[in-house]
Amino acid sequence: MAVIGFIGSGLVGSAVARRALAAGHQVVMSNSRGTRSLQRLVREFGPAARAATPGEAATVADLVVLAIPYGRFPRLPRDELIGRIVLDACNYLPYRDGRDPAIDEGRTSTTEVLADLLPYTRVVKGLNTISAGQLLADATAKQIVTHFINDLGFDAVDTGPLSTRRAPHFDPAPPGNPH
C-alpha cells in the first residue's frame, strides 16, 4: 500500500483517488480552496483518506498525482515536490488556461513546462487520456507510475519521451459543446 498525494481534487483528482482507494492505497487530497473544502469528500472516501494542503500532500506522498489546470502550475509547492515523483494528469485547455504559444506551436509540451518548473522532481505524464506513461528519462519513476496505473485497473502504455508526444491535447468536453 502506498500513500498517494493529490494536488487537485476536482473531477480527475477525485476519480483517480477513488480508483486508488479501491486498489488499497491511502490518499491525501488537496486543492487550492483549503482542507475545509475537502471534508465531505474525505468522509465519503473513508478512513484511508485525509485532507491536507498541497505542500503537505506532496511531503507525505510516495507518489503525487497532479490534477490541476495548466495555468495553475506556477502556484505549485515547489520545495515540497523536490525529490518526488509527480504523475502529471493535467491537460492544457487554451479557453481555460490562456494561450501558450510554445505549446500551440509544438515547441514544448505541458509536461516539459512542468519538468522545467520542477527541476528536482521526476515528472511522468499519465491518466490525462487514460493512457499512460510519457517518460522523462527516469526508469524508476516510470516503473512506479506504470505499477500505479495498472493498480487502478488501466493498462499503462509507454509512449516515449516527452519531447516526442507534442500532439493535440485531450479536451474532456463532449464534441459540439462550446466552451
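Please treat every number below as a calculation from the coordinates, not as lab data. Fair warning: this is a prediction, and the values are worked out from it, not measured in the lab. For neighbour counting, all protein chains shown are included, and Cβ atoms are generated from backbone atoms with ideal geometry for every residue, glycine included.
Laid out as a table, the results:
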read-out: Under the Karplus curve 6.51 cos²θ - 1.76 cosθ + 1.60, θ = phi - 60°, whole-Hz ³J(HN,Hα) for segment 37-49, x wherever Gly or Pro sits; value: 5, 9, 4, 4, 4, 5, 4, 4, 5, x, x, 8, 10
read-out: FRET E, pair LEU117, GLU44, Förster distance 35 Å, beta-carbon r, rounded to 0.05; value: 0.65
read-out: Residue order, fewest to most beta carbons within 10 Å, for PHE148, PHE154, PHE45, PHE6; value: PHE154, PHE45, PHE148, PHE6
read-out: Computed lengthening from ASN150 to ASP79, 0.36 nm per intervening residue step minus Cα-Cα distance; value: 22.7 nm
read-out: Three semi-axes of the equivalent ellipsoid, segment 18-156, Cα gyration tensor, whole Å, largest first; value: 24, 18, 15
read-out: Low-density loop positions, GluC sites (Glu not before Pro), segment 78-122 - DSSP coil, at most 11 other Cβ in 10 Å; value: GLU105
read-out: ³J(HN,Hα), Karplus 6.51/-1.76/1.60, whole Hz, each residue of segment 110-124, x for Gly, Pro; value: 4, 6, 5, 4, 4, 5, 5, 5, 10, x, 9, 10, 8, 10, 10
